[in-house]
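Novice: One structure, pasted below without further comment.
Just so it is clear, none of the values below were taken in a lab; they were calculated from the coordinates. Note that the structure is a prediction, hence the values are computed from the model and not measured. Cβ placement follows ideal geometry from the backbone for every residue including glycine, while neighbour counts extend to all protein chains displayed.
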Amino acid sequence: MDIFNLRTGWISLIIWFLHLLVSECVPLPDSGPLMYGEVHSPQYPQPYPPNLQKQWDLSVPEGFQISLTFTHLDIEASADCYYDSITVLYDEKLLGKFCGNENSADGHHPGYQPILSPGSRLTLIFQSDDYNPDRHQNVGFSAQYQAIDIDECSAPEPEDGSSPLCSQICLNTLGSYLCTCHHGYELRSDQRTCMLSCGGGVFDELEGHLLSPGYPNISPHALSCQYIISVESGFSVSLNFSDKFHIESVETEEGLQCPYHWLEVNIPDRKPMRLCGGTSPGLINTNSNTVRLDYHIDDQGQSHGWSLDYSTHRVKCPVPDKVVNGRVTPSLTEYFYRDHIYVRCDEGYKLMKGGQEIKGFSAMCQSNGQWHLPLPECHIIDCGEPEPLLNGGLTFLSGVQNQYLSVVQYHCNEPFYSSYGGNNVTLTCEADRQWRSNLQVILRPVCLPVCGRPTKQIENNFKRIIGGNDAPQDTIPWQALVSVHSNRGGGMIIADHWILTAAHVVVANGQVQPPESIGIYLGDTDVHQIIESGSLTAIAVHIHPGYNNPDNFNYDNDIALIKLQDPVTFNASIMPLCLPAEGDTYETGMIGRVSGFGITDKGNKTFLTNKLKYVHVPLVLQERCSSSLKGRPGSRTPILTNNMFCAGTPEGGQDSCQGDSGSAFTLQSENGRFWAAGIVSWGVRCGQKGTYGFYTKVANYVEWMNKIIQEN
């Protein structure tokens with residue numbers, strides 16, 4: 001034999017051995033009897049061998065029977081199954097002996113109806129003789145078995161006179177049975193027989209039925225029964241006695257007495273109620289979740305007893321009080337244990353509890369008949385302070401300050417500021433705690449400065465700054481004193497962050513002076529007072545890009561802007577000057593006003609004034625301005641451009657002078673508004689006959705100024 005055949009031979013032997021193990025139903029280790037299984041004859045479904053005897057002992061758990069069903073049987077047939085057979089035994093009792101097949105005339109085929117074992121055991125014995133003429137056809141048998149529950153309670157009464165399984169009530173269970181007793185009885189220790197009992201135990205269901213032992217027949221003597229109904233806290237027990245009620249009583253002069261037999265109803269914190277007689281007490285509401293019933297019968301007399309149904313209902317809580325500016329939901333006529341209530345405030349009100357606002361509130365009816373939380377209060381909401389308005393304020397039109405439906409109106413600080421668009425904005429405190437305007441969107445107004453309208457006016461006159469009039473307080477509120485390295489100049493307020501001046505005021509030796517070297521003073525007409533009030537901080541200086549005056553003879557584009565660090569709040573003493581607007585024109589002969597803290601005269605002397613001076617001078621025709629600069633042999637004069645104009649009188653005596661540079665030359669429009677027509681720039685011999693003062697024409701630079709302001 002070659003190696004291949006040897007190897008395949010061993011494999012075939014192993015497979016045959018495994019098949020033999022399976023076909024003979026070798027049981028696997030288990031923790032207990034199986035509930036079902038299968039049994040085969042040896043070598044099934046191949047023909048079984050001769051001279052064989054094989055036994056199977058089948059078992060299932062106690063309390064079960066074995067149901068055996070042959071799914072196939074093919075055993076050599078013979079009379080009484082003498083030669084080959086399969087025998088089924090319960091203990092030593094023969095349940096059947098089988099052979100043949102379902103088509104054979106001889107033998108005994110079991111059919112397909114199950115064979116039922118009386119108990120939990122079954123024995124199968126298979127045998128074959130030494131001769132089997134049909135061994136090539138007879139393959140043996142295949143059978144299935146399973147455990148079937150025994151109904152012990154349906155077993156007939158024992159014939160030997162012994163007591164039944166259960167003396168009163170038998171309950172079949174899977175694999176076993178249970179005994180129980182009628183009302184008023186309890187199982188003895190043998191768990192089969194019953195004896196009289198009066199201990200009803202504790203009844204904790206929400207409804208139930210109770211009756212005395214023997215009811216409606218006569219109660220046994222010498223009873224002392226106790227029944228306790230104890231349900232969940234929060235429920236109240238009601239007892240409803242049936243009409244058939246009989247407990248022995250005695251009639252006395254004082255009425256019905258219960259000296260020997262009675263049913264006593266005990267409710268916590270209340271006097272016991274003793275019942276007897278032949279009249280049912282009907283319905284008793286205990287208002288308690290616990291009730292104890294004590295039933296007493298002495299060793300004499302006759303009482304048929306009682307029967308009752310008990311039920312429960314939830315404990316009632318008081319109807320909640322009304323909540324001012326709110327409501328309690330749901331709104332019911334009665335509230336019971338475990339009911340919930342909620343409090344909602346009216347629109348514009350908020351829930352408050354213990355001085356604190358709460359998002360929501362609910363309370364539950366407790367088992368003691370009280371709500372677990374006291375009701376909250378509803379307080380009117382508060383929108384808080386409206387956002388402040390820069391350069392404006394608020395006026396309360398109605399309502400309590402900041403509370404729901406309060407109405408406020410923004411206003412600007414007139415006459416120094418006016419509302420953008422001219423409309424005052426009204427706000428209402430809404431339920432969402434927001435101030436909302438009478439418009440579709442929430443907008444605060446913008447308070448724009450009022451320019452060029454001083455609260456006090458100066459009558460027109462034609463005196464000179466050189467010896468001119470002192471300016472009364474608050475008449476020229478846009479005037480600024482500009483100090484650069486102790487050199488005095490002027491300027492004018494044009495916006496809350498911006499001072500307009502001449503470029504040559506802030507340029508020295510061709511260099512723009514740093515902001516920290518510049519002092520800006522506002523709000524007074526006296527130099528000493530204005531300096532004592534303190535300088536405003538400059539943070540940037542913007543010179544017109546076209547200004548180039550290295551030798552002080554080219555004052556073209558003599559204009560500059562100084563930006564302040566902090567905004568200026570406008571009032572009667574500090575007010576911006578208007579910039580030129582469309583319709584503002586320069587017409588020869590128009591009287592303009594020039595102001596400044598520059599040089600003035602007194603007699604034949606000139607000196608630097610400490611008071612704000614002003615003078616009214618007329619605009620001069622540009623050709624005359626140009627002519628005034630000619631015919632000066634040996635002298636050099638600055639260049640006159642279209643970015644300049646001049647003002648003054650031919651006879652002189654009315655002019656601006658040193659120290660006034662950068663100050664405003666103002667004109668007044670038809671509506672009374674003063675506007676910046678010019679910036680004091682340069683001149684030749686202040687106030688002399690035939691000379692004029694020259695001014696930067698501001699109207700030529702409005703676009704440049706707006707661009708600087710918007711970008712910075």
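Novice: Could you sort the peptides 538-544, 154-160 by per-residue average Cβ neighbour count (10 Å cutoff), highest mean leading?
Specialist: 538-544, 154-160
Novice: Cα gyration tensor of the chain, axes a ≥ b ≥ c as square roots of the eigenvalues: rounded (a/c below 1.5), prolate (a/b > b/c) or oblate?
Specialist: Because a/c hits 1.5 or more and a/b fails to exceed b/c, the chain counts as oblate.
Novice: Leaving out same-chain residues fewer than 8 places away, which aspartates and glutamates sit with a Cα under 13 Å from that of residue 271?
Specialist: The reachable aspartates and glutamates, counting only those whose Cα sits under 13 Å from residue 271, number zero.
Novice: What order do you get for 181, 276, 429 when you list them from fewest to most C-beta neighbours inside 10 Å?
Specialist: So the residues, fewest neighbours to most, are 181, 276, 429.
Novice: Also, I was wondering about something else. Semi-axes of the range 220-367's equivalent ellipsoid from the Cα gyration tensor, sqrt of 5 times each eigenvalue, largest first, rounded to whole Å?
Specialist: Semi-axes, largest first: 49, 13, 12 Å.
Novice: When 611, 707 are ordered from fewest to most other Cβ atoms inside 10 Å of their Cβ, what list results?
Specialist: Lowest to highest Cβ neighbour count: 707, 611.
Novice: Where does each of 492, 35 land when they are ranked from fewest to most other beta-carbon atoms within 10 angstrom?
Specialist: If I rank by nearby Cβ atoms, fewest first, I get 35, 492.
Novice: Let me ask another. Step through the table entries 316/350; 613/707; 316/359; 54/93; 54/97, compare each Cα-Cα distance with 24 Å, and write down the pairs that go over it.
Specialist: Cα-Cα > 24 Å for 316/350; 613/707; 316/359; rest within.
Novice: Lysines near residue 689 by alpha-carbon distance under 20 Å, same-chain residues fewer than 8 away left out - which ones?
Specialist: Answer for residue 689, where 20 Å is the Cα cut-off: 463, 602, 605, 630, listed by chain and number.
Novice: Regarding the range 316-380, what are the three Cα extents along the principal axes, ordered largest first, in Å?
Specialist: Principal extents (largest minus smallest coordinate, Cα): 33, 21, 15 Å.
Novice: Counting helices only, and only those DSSP H runs with n ≥ 4, report the 222 nm mean residue ellipticity of the chain as the sum of -39,500 (n - 2.57) divided by its residues, in deg cm²/dmol to the nearest 500.
Specialist: -2000 deg cm²/dmol
Novice: Could you please tell me the mean projected area of the C-alpha convex hull for the range 469-710, averaged over all directions and given in square nanometres to one decimal?
Specialist: 12.8
Novice: OK, next. If the cut-off is 15 Å between C-alpha atoms, which aspartates and glutamates fall inside it for residue 563, apart from same-chain ones fewer than 8 positions away?
Specialist: 496, 516, 711
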